[in-house]
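Participant: Handing you this structure, nothing more for now.
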Amino acid sequence: MKKIFADSQLNFLVAINVLVVFCAVLLTGKGFIDPYNLQSMAGQIPELGLLAIGVMLAMITGNGGIDLSGIALANLAAVTAGTVAPLWINPTQAPLEFTVVFMGLALLVGLIGGCVNGALIAYGRLPAILCTLGTQLVFTGIAVVLSGGSAVRIGFIEPMEFVGNGLVANVPLCFSMFLAIALLTGIWLRHSPNGVRLFLMGTNPKAARYAGIAQQRLTFLIYTLCGLLASVAGIVIASRSSSAKWDYGSSYVLIAILITVMAGVRPEGGYGRMICLVLSATALQFISSTFNFMEVNSFFRDLTWGLLLLLFVASSRFQPFSLLRARFTTSISSTQKPPPVAISSIEGNITRSQND
């Protein structure tokens, strides 16, 4: 427990969650903490949370690692599965089989997309930000061609509806899935050999190379996992909305990066805690729901996300509290310097010692 409370980033995120809920209740009333509203907010977190986990994994690799293609790949997975699955199975006659095939196709698309990103970045040595920006456009273009530029209607299919909107013990199933994936990913990062190697690679690539870590293979693995996480997000999106569209969640890339940076993940790589990312996602969801209660314009929300991202990136870079502490310490030490000794007295002491 002492180690947990010693994490300043974790304490900060807990305080932010409490403060946002307190302010939301003051501004919007007790309806904000109504069980139905809490269930609704929990059901909205997985879409962004899964994409943020992928961004976090890519950032931990260091060397400018990032994945900007997450939401585009999620939309492509949902559009492809929604277009192809009905050609094989009639959803009204076999809803469960249709749901399984839909999920399998979506995961396959995410796996292929993640492998493409991983191969280009790890073995093609392309910069991650430019590579994933390019594949984002490619994935979006393929989704537009498959769907003809319109939404792919999936319709009401009970098993899929349960995945996106069903409750288990009064908790949304998709939120429980998100927590399970976050827990397993966190355990893998902290306790598996590849997780330890990943942190070392992000902290000091040269030391990782001398330690014999296969950096290309590990980078390929990480971006493949990012693709799978994006496809799971696509399944959740399609299950919740009963449709799939190529331009769904146009601001999700920005928000996923904001969640990751707010969780304390350094753009330089080598650090990241899963519990901080979960708390960061919940804090942003609380803020977004407060805006909904207050009927704030969506453009103002995007402005808020952008300003928050700049604020947290700047704070992680400059660390204003550390600078203030260092300046305060320097000022104290400067006031406590011993008085200067006169040169003449020093010379006199030397002369007396020589005579003696």
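Read-outs: derived from the displayed coordinates by stated rules, not from any lab. These numbers come from a predicted model, not from an experiment. Heads up, the Cβs are rebuilt from the backbone with ideal geometry, glycines too, and the neighbour counts pull from every protein chain shown.
Participant: How much net charge surrounds residue 165 when only other residues with a Cβ under 14 Å from its Cβ are counted (Lys, Arg +1; Asp, Glu -1)?
Facilitator: On the way: positive: 240; negative: 47, 158, 161.
Here the charged neighbours net out to -2.
Participant: Mean Kyte-Doolittle hydropathy of -0.5 or higher plus an axial Cα length of 20 Å or more: which whole DSSP H helices in the chain meet both? Write out the running numbers ahead of the final one.
Facilitator: Values: long enough: 8-28 (29 Å, 2.10); 35-60 (36 Å, 1.05); 70-88 (27 Å, 1.42); 95-118 (34 Å, 1.70); 128-147 (28 Å, 1.93); 173-191 (27 Å, 1.64); 215-241 (39 Å, 1.10); 274-293 (29 Å, 1.51); 298-318 (30 Å, 1.10); 320-335 (23 Å, 0.22).
Answer set is 8-28, 35-60, 70-88, 95-118, 128-147, 173-191, 215-241, 274-293, 298-318, 320-335.
Participant: Net charge near residue 174: determine it from the other residues with C-beta under 12 Å of the C-beta of residue 174, scoring Lys and Arg +1 and Asp and Glu -1. Write out the running numbers ahead of the final one.
Facilitator: Numbers: positive: 240; negative: 47, 161.
Residues close to residue 174 contribute a combined charge of -1.
Participant: So, one more: If I model a spin label at residue 156 and residue 211 as a point 7 Å from the Cα along the Cα→Cβ vector, what separation in nanometres do I get?
Facilitator: 5.5
Participant: FRET efficiency for residue 84 and residue 19, Cβ-Cβ distance as r, R0 = 56 Å, nearest 0.05?
Facilitator: Working: r = 46 Å, r/R0 = 0.83.
Plugging the Cβ-Cβ distance into 1/(1 + (r/R0)^6) gives 0.75.
Participant: Another one. Once the Cβ-Cβ distance between residue 191 and residue 40 is put in as r, and R0 is 30 Å, what FRET efficiency do you end up with, to the nearest 0.05? Intermediate values should be presented prior to the final figure.
Facilitator: Working: r = 34 Å, r/R0 = 1.14.
Given R0 = 30 Å and the Cβ-Cβ separation, E is 0.30.
Participant: Here's a follow-up. When a/c reaches 1.5 or more, the comparison of a/b and b/c decides; with that in mind, is the stretch 29-89 rounded, prolate or oblate per its Cα gyration tensor? Walk me through the intermediate numbers first.
Facilitator: Details: a/c = 4.05, a/b = 1.16, b/c = 3.51.
Since a/c reaches 1.5 but b/c is at least a/b, the shape of the stretch 29-89 is classed as oblate.
Participant: Further question on the same structure: Once every DSSP H run of n ≥ 4 in the chain is given -39500 (n - 2.57) and the sum is divided by its residues, what mean residue ellipticity at 222 nm do you get, rounded to the nearest 500 deg cm²/dmol? Display every interim value, and only then the final one.
Facilitator: Values: 16 runs with 266 residues, N = 356.
Helix-only estimate at 222 nm: -25000 deg cm²/dmol.
Participant: What's the FRET efficiency of residue 310 with residue 92 using the Cβ-Cβ distance as r and R₀ = 30 Å, to the nearest 0.05? Before the final figure, lay out the partial values.
Facilitator: On the way: r = 49 Å, r/R0 = 1.64.
The computed FRET efficiency comes out at 0.05.
Participant: When the dipole is taken about the Cα centre of the stretch 2-313, and only Lys, Arg (+1) and Asp, Glu (-1) are charged at their Cβ, what size is it in debye, to the nearest 20? Mind showing how you got there, number by number?
Facilitator: On the way: 15 positive and 11 negative charges, 200 e Å.
Dipole of the stretch 2-313, to the nearest 20 debye: 960 debye.
Participant: Using semi-axes √(5λ) of the Cα gyration tensor in Å as the read-out, say which of (1) 27, 26, 20; (2) 34, 22, 18; (3) 49, 26, 17 was calculated from these coordinates.
Facilitator: (3)
Participant: DSSP loop (so not H, G, I, E, B), at most 15 other Cβ within 10 Å: list which chymotrypsin sites (Phe, Trp or Tyr not before Pro) in the stretch 127-234 pass both filters. Don't jump to the answer; show the numbers that get you there.
Facilitator: Details: sites: 139, 156, 162, 175, 178, 188, 199, 210, 220, 223; in loops: 156.
Sparse-neighbourhood loop chymotrypsin sites (Phe, Trp or Tyr not before Pro): 156.
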